[in-house]
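Just so it is clear, none of the values below were taken in a lab; they were calculated from the coordinates. Because the structure is predicted, anything quoted here is derived from the model rather than measured. All Cβ positions, glycine included, derive from the backbone under ideal geometry; neighbour counts span all protein chains shown.
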Amino acid sequence: MTTPTIQSFHDLGLSAAMLQAVTKAGYAEPTAIQARAIPPAMAGKDVIGCAQTGTGKTAAFTIPMIERLAGGEGPRALILAPTRELAMQIQKTFELLGKARGVYATLIVGGADMAQQERALRQRPDVLVATPGRVLDHMWRGNINLLAVQIFVLDEGDRLLDMGFAPQINQILDALPEERQTMLFSATMPSDVAALAKASLNHPVRIEIAPSGTVAAKAEQHLFHTSRDGKTLLLRRLLKEEPGSTLVFTRTKSRADRLGKLLQADGLPVAVLHGDRTMGQRREALEGFKRGRYRVLVATDIMARGIHVTGIAHVINYDLPNSPEDYVHRIGRTARIEATGRASSFVTPEEKGQLHAIEQLLGTRVPLGKHQLVAG
Ligand code: AMP
């Protein structure tokens with residue numbers, strides 16, 4: 001892997017309007033993935049990027065897309081994201097950076113009003129940011145002509161496949177023109193993602209930013225050995241001792257609900273976010289957490305990647321995740337680009353295997369926190 005020598009957005013061949021937009025967005029210099037992905041993407045090349053959330057990957061594909069799409073007309077780009085929350089985040093980045101060049105993105109996600117999306121599509125937005133199922137719904141109804149797509153992006157490819165979207169992605173790929181630019185971003189590159197890359201990309205430029213695990217390096221991590229019943233007591237204690245907004249992860253939706261109720265009964269401002277909640281409830285929870293109305297957000301992994309809240313002080317793994325990559329994603333919520341945060345993980349004897357996998361991925365042991373073995 002070569003080290004990028006580009007240190008400034010001025011070296012990337014961006015338009016004056018885009019340079020102003022990135023400055024206005026507060027981006028002082030390109031992140032590693034931006035420095036390496038923007039030049040080939042602007043040249044229309046296919047790109048495969050192995051990078052996690054928190055590395056600036058969204059702007060790494062939105063910036064070149066905006067530059068390439070400026071001045072044209074009609075929907076010419078499609079971005080697929082695994083969750084509505086992530087799609088919303090991508091659309092916000094277009095709002096932030098695309099306005100200056102007159103490039104607009106519309107959200108086409110499930111759970112939202114169909115008629116409203118049809119109206120938005122009639123405005124001929126330049127970019128569709130979508131979840132896979134809803135794109136197909138619109139395609140079958142004749143609201144979208146995918147043959148016009150010149151740029152196709154798959155964001156968080158691993159998560160798209162984990163969530164079972166392979167059939168929908170294949171149908172979408174069938175409807176896209178052969179001649180197009182395709183970019184695929186994924187935090188990890190398991191064999192199914194590699195196969196998807198092979199099927200959808202043409203001589204891609206490969207960019208790997210850092211091996212999985214490094215995003216977590218900025219967070220101050222601690223381990224708390226406890227029992228199954230000790231977890232809640234430990235959580236209460238940490239919430240009392242450590243101020244600031246706190247994101248708590250549980251293994252299941254029902255555990256998230258139960259914990260949310262318990263903390264609420266303690267008088268804490270808490271919201272719950274998981275896949276069974278309605279879109280309205282999810283939005284309310286995220287917005288409330290973002291604005292500080294809720295100090296604590298209890299969430300499951302599926303939702304983790306859509307959470308882009310700056311200033312999360314503390315991530316607590318009430319339950320360890322089943323996949324070590326999810327640990328990195330969870331921790332990535334706190335140690336965003338420049339911020340540093342705390343990450344505490346509760347481990348019961350039953351979770352030793354998961355801990356071992358995480359430490360192997362990180363290549364290091366997670367240090368112990370100050371409270372151990374709190375009894376239930
Ligand atoms: P992402 O990895 O796309 O989820 O981006 C993570 C965060 O980094 C977002 O909140 C962006 O606003 C921010 N960001 C993206 N690019 C830059 C940059 N060049 N400098 C500073 N912050 C950035």
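Each residue in L147, L161 was given a count of other beta-carbon atoms within 10 angstrom of its own, and listing them fewest first yields L147, L161. Between K240, K261, K45, the GNM of the chain built on Cα springs shorter than 10 angstrom shows K240 fluctuating the most.
For H274, no residue whose modelled amide H falls within less than 5 Å of its own remains once neighbours fewer than 5 places apart on the same chain are excluded. Non-local lysine pairs in the range 230-366, meaning eight or more places apart or on different chains, with alpha-carbon distances under 25 Å, amount to 11. With Cα atoms defining each centre, the range 135-210 and the range 230-259 are spaced 36 Å apart in the structure.
Note on the range 219-362: percent of Cα-Cα distances in each 10 Å bin, starting at 0 and stopping at the bin with the largest distance, equals 12, 47, 35, 6. Gyration tensor over the Cα atoms of the range 9-208: the corresponding equivalent ellipsoid has semi-axes (square roots of 5 times the eigenvalues, largest first) of 24, 21, 15 Å.
Translational diffusion coefficient of the chain (Stokes-Einstein, Kirkwood radius from Cα pairs, 10 °C, 1.306 mPa s): 74 µm²/s.
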